[in-house]
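Structure record follows, encoded as structure tokens.
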Amino acid sequence: MKMKTLEEAKQAVVEDFSMYDEWLDKYEYLIELGKNLDVYPEEEKTEDKLIKGCQSRVWLDSKLEDGKLWFRADSDAIITKGIISLLIGVYSGREPKEIAEDDFGFIEQIGLKENLSPTRANGLVSMIDKIRELARESVIEKEPEVLTADDAKELAPLYDNVVLAIKQVYDPEIPVNVYDLGLIYELVINKKHEAYIKMTFTAPTCPMADEVLADVKKSVSDVPGITGCEVELTFEPPWDQSMLSDEARLELGLDDIDK
Amino acid sequence: MTINDIRGMFPALQQQVYGHPLVYFDNAATSQRLVNAIRRMDGLALGANANIHRAVHKLASDATEEYESTRDAVRDFINAGSREEIVFTSGTTASINLVAYSFGETFVHEGDEIIVTEEEHHSNIIPWQLLCERKKAVLKVLGIDDEGHLKVDDLKSLISPRTKLVAVTQVSNVLGIINPVKDIVNICHSASCPVLIDGAQGIVHVGADVQDLDCDFYAFSGHKLYAATGTGVLYGKKKWLEQMVPFMGGGEMIGSVKFSGSTYAPLPGKFEAGTQNINAVPTLKDSISFVRQILEDDRLLKETAAVEEYLYSALKSKNIRLFGVPRGTETKIPLFSFVVEGAHHEDLALILDKMGVAVRSGQMCAEPLMDRFGVTGMIRVSLAPYNTMEEVESFVKALEKAISMLV
């Protein structure tokens, strides 16, 4: 089954909630949600996972997998557990950027915020803040960071390996890898060892584009030491032959033509 | 008077919440306000809104009269020796902070000790912790037993020649047990150690005769006593207040101001810097006359005791753990804190709220006490003389419903 879009997921929650007129029924619904939440291992309920600002204790943790952020949570209070379950049901498995940029406005639409006790409302705000914070932390830093000499030394071998990994991916129509073809416009590896790649294709109509992008992402993600990878497609500026590497020119027998 | 007569004096009780008649059982946090107090405050704002003590005009004189006659009423209510010993503050917390600062600056030095108890409200812990940090003094703690009674027998050995003050609550805001403060004062005084009593809860249900108690300081708030918020009282023995340095400077607390050095106003002005809560403080007169009436009305007391007893027996159920076990009815105020096995306090309070019942949940500003009993929080129900049998019935039903949803 295809995953709902964020908007669809939010709309579904709003519709679920609108079925209940009475607050006690809404609570029953939340209690049910809370009871069905996946088990969160006791030993992993550490202080750093605890959300501050709630009357009950709420633990929230996240994991980035294939560019998607997955949440898990628990609370010692069942209604709170239902609320956090509702939140992670909507946001889990989405791209960090999409989560970080969301306004979480649907919470107000279902009336949770104003109808909870003030301490609980604060707790809800804290939960949303934490989800946003975790999402923001997982958005791959694409802007060049200030690197110390030590950082550079540490990152240098990763660059080599990532380049090697990209060179494993070939354009389906040309027997030259995407790196030497000059399709890679930008490669950033940040201090968290996440790779950000901006690339293009020889023509905007490339029918295999999705597969190639996925191959690049997979190949780079598999490099030991790389913790995440994001690949972005651009056609600005458009690719032309001058972007070929010397190796590629040799391979394609283009050297003589230019010279 | 009957409970029903009293209900008529509290307009806020007439409202509905979430379609249910309000059952207000969070009186230990803030009680509802007397209609007379509301009217007086409005009247002062409308007709006598002028700064006290300063100007010579009519409004100022009326406002001053209202304010100063409240001091006399408070003096009489707690039987203080003189009106100079009554200082108006913004509440119990402000009163205790005043003593922690001014008494502390004057009398507490490095290596000295302050004693508090395990069942204190944060407001009777933090000001002393701050003082101890400032002065490199030591904060010592008197424990409680498993039933929630202070270990008064340990006090004597806990006090040392370095102990400068003992701060203890008259009634715990969580346990509701009335502490033997008179005995505590005796023990402390026999070691020449002054005592501050936090009367925030005690003044409402027990009252206080500060001369009989012989305590050195007594603090309470107006908002738990059916008066306006932002009002409070510090009683202090003149011998201490006179020696203590001022807490805040400015306004009417001065004698003469010179850049070479200033002198301060005589008591109690020395401790009332800045413009006072002039519209609100006089509401204490209404609450005092109300509380006096109640504490002297035997028929009413019987009626409210029956409500309390009914609530207490309803809570003696097998899956409810009550904290602060009374040794007799006279040792506990109508305040019950408990946890329900398998149900979180916050969930319970949330469901009760939607059924119109207001209770308190959480740590109740007494985290050390929560730690003492190994819980993250409790539910607290606290009654006022306007709470009825029917309300207790509604509460019991709502609690049963909440438990059935959660457990």
Counting only residues in the range B:142-166 that are in contact with a Ser or Thr (Cβ under 8 Å, 6 or more places away or on another chain) and surrounded by 15 or more Cβ atoms within 10 Å (Cβ to Cβ), the one farthest from B:Y312 (Cα to Cα) is identified as B:L142
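Criterion first (of a type outside the set (A, V, I, L, M), in contact (Cβ under 8 Å) with a residue 12 or more places away in the chain, assigned by TED's automatic domain parsing to the domain that holds B:L350 and over 22 Å from B:P385 (Cα atoms)) does B:G81 satisfy it? If you could, list the steps in order and put the result at the bottom.
Numbers: of a type outside the set (A, V, I, L, M): yes; in contact (Cβ under 8 Å) with a residue 12 or more places away in the chain: yes; assigned by TED's automatic domain parsing to the domain that holds B:L350: no; over 22 Å from B:P385 (Cα atoms): yes.
Taking the combined requirement at face value, the residue does not satisfy it.
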B:T376 fails exactly one of the following numbered conditions: (1) at pLDDT below 95; (2) crowded, with 23+ Cβ neighbours inside 10 Å; (3) at the interface with chain A (Cβ under 10 Å from one of its Cβ atoms). What is the number of that condition?
(2)
From the list B:V174, B:V168, B:V204, pick out the single residue that is within 28 Å of B:T30 (Cα to Cα) and part of a helix (DSSP H, G or I).
B:V204
For A:K10, state whether it is free of Cβ contacts under 8 Å to residues at least 40 places away in the same chain, more than 14 Å from chain B (Cβ to nearest Cβ) and not hydrophobic (A, V, I, L, M, F, W, C).
no
Collect the residues in the range B:315-340 that are within 21 Å of B:S404 (Cα to Cα), more than 14 Å from every other protein chain (Cβ to nearest Cβ), more than 19 Å from the chain's Cα centre (by Cα) and assigned to a strand (DSSP E or B), keeping them in residue-number order.
B:I320, B:R321, B:L322, B:F338
Quick one: would you say A:E211 is more than 30 Å from B:S361 (Cβ to Cβ), acidic (D, E) and modelled with pLDDT under 85?
no
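A quick yes/no check of all residues on (1) at pLDDT below 90; (2) among the β-branched types (V, I, T); (3) not assigned by TED's automatic domain parsing to the domain that holds A:E28:
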| residue | (1), (2), (3) |
| --- | --- |
| A:K52 | yes, no, no |
| A:L60 | no, no, no |
| A:L69 | no, no, no |
| A:D74 | no, no, no |
| A:S85 | no, no, no |
| A:I88 | no, yes, no |
| A:E95 | no, no, no |
| A:I99 | no, yes, no |
Strands (runs of 3 or more DSSP E) wholly inside the range A:180-259 containing at least 3 residues that are under 16 Å from the mean Cα position of the chain (by Cα):
A:194-199, A:228-233
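Can you tell me which residue in the range B:130-141 is surrounded by the most Cβ atoms within 10 Å (Cβ to Cβ), limited to those that are in contact with a helix residue (DSSP H, G or I) (Cβ under 9 Å, 6 or more places away or on another chain) and assigned to a helix (DSSP H, G or I)?
First pass over the range B:130-141, keeping only residues in contact with a helix residue (DSSP H, G or I) (Cβ under 9 Å, 6 or more places away or on another chain): B:130-132, B:134-135, B:137-141.
Still in the list and also assigned to a helix (DSSP H, G or I): B:130-132, B:134-135.
Working: B:L130: 14, B:L131: 23, B:C132: 19, B:R134: 13, B:K135: 18.
So the residue we want is B:L131.
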Let me spell it out: the conditions are (1) at pLDDT below 95; (2) buried (at least 24 other Cβ atoms within 10 Å of the Cβ); (3) touching a strand residue (DSSP E or B) at 6+ places or on another chain (Cβ under 7 Å), and B:T331 meets all of them except one. Which number is the exception?
(2)
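Looking at the range B:341-364, which of the residues that are in contact (Cβ under 8 Å) with a residue 60 or more places away in the chain, closer than 19 Å to A:R57 by Cβ and within 12 Å of chain A (Cβ to nearest Cβ) is surrounded by the fewest Cβ atoms within 10 Å (Cβ to Cβ)?
Checked the range B:341-364; the qualifying residue surrounded by the fewest Cβ atoms within 10 Å (Cβ to Cβ) is B:G342.
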Being modelled with pLDDT of 95 or more, surrounded by fewer than 22 Cβ atoms within 10 Å (Cβ to Cβ), under 30 Å from B:F103 (Cβ atoms) and more than 14 Å from chain A (Cβ to nearest Cβ): is that true of B:V281 here?
no
What is the number of the single condition among (1) surrounded by 17 or more Cβ atoms within 10 Å (Cβ to Cβ); (2) away from chain A (no Cβ under 14 Å); (3) touching a residue at least 12 places away in the same chain (Cβ under 8 Å) that B:M1 does not meet?
(1)
For the range A:34-61, which positions are assigned to a loop (DSSP other than H, G, I, E, B), more than 14 Å from chain B (Cβ to nearest Cβ) and crowded, with 18+ Cβ neighbours inside 10 Å?
A:L37
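Against the condition among the basic types (K, R), within 14 Å of another protein chain (Cβ to nearest Cβ) and farther than 30 Å from B:D5 by Cβ, how does B:K401 come out, does it pass? First the steps, then the outcome.
On the way: among the basic types (K, R): yes; within 14 Å of another protein chain (Cβ to nearest Cβ): yes; farther than 30 Å from B:D5 by Cβ: yes.
For B:K401, the condition - among the basic types (K, R), within 14 Å of another protein chain (Cβ to nearest Cβ) and farther than 30 Å from B:D5 by Cβ - is met.
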Specify which of the listed residues (B:A219, B:A208, B:A227) is surrounded by 22 or more Cβ atoms within 10 Å (Cβ to Cβ), closer than 24 Å to B:Y67 by Cα, touching a residue at least 12 places away in the same chain (Cβ under 8 Å) and in contact with a strand residue (DSSP E or B) (Cβ under 7 Å, 6 or more places away or on another chain).
B:A219
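Which of the residues belonging to the range B:357-407 are β-branched (V, I, T) and assigned to a loop (DSSP other than H, G, I, E, B)? Step through it out loud before you land on a result.
Looking only at the range B:357-407, we keep the residues that are β-branched (V, I, T), and these are B:357, B:359, B:375-376, B:379, B:381, B:388, B:392, B:396, B:403, B:407.
Within the range B:357-407, B:V359, B:V375, B:T376, B:T388, B:V407 meet the criteria.
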Matching residues in the range A:17-69 (under 27 Å from the mean Cα position of the chain (by Cα) and of a type in the set (D, E)) number 9
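Among B:K397, B:K354, which is the only one that is out of contact with any Lys or Arg (no Cβ under 8 Å at 6 or more places or on another chain), at pLDDT 95 or above and among the charged types (D, E, K, R)? Reasoning before the result, please.
Numbers: B:K354 fails: at pLDDT 95 or above.
Among B:K397, B:K354, only B:K397 is out of contact with any Lys or Arg (no Cβ under 8 Å at 6 or more places or on another chain), at pLDDT 95 or above and among the charged types (D, E, K, R).
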Among what's in the range A:62-99 and is aliphatic (A, V, I, L, M) and more than 14 Å from every other protein chain (Cβ to nearest Cβ), pick the residue that is surrounded by the fewest Cβ atoms within 10 Å (Cβ to Cβ).
A:L64
Looking only at the range A:174-185, decide whether some residue is surrounded by fewer than 18 Cβ atoms within 10 Å (Cβ to Cβ), in the same structural domain as A:R249 (by TED's automatic domain parsing), under 15 Å from A:M243 (Cβ atoms) and in contact (Cβ under 8 Å) with a residue 40 or more places away in the chain.
yes
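The values are calculated or read from the model by the stated rules, or taken from the named source; none is laboratory data. Quick caveat, the model's predicted, so the values are computed rather than measured. Glycine also receives a Cβ, built like all others from the backbone with ideal geometry; neighbour counts cover every protein chain displayed.
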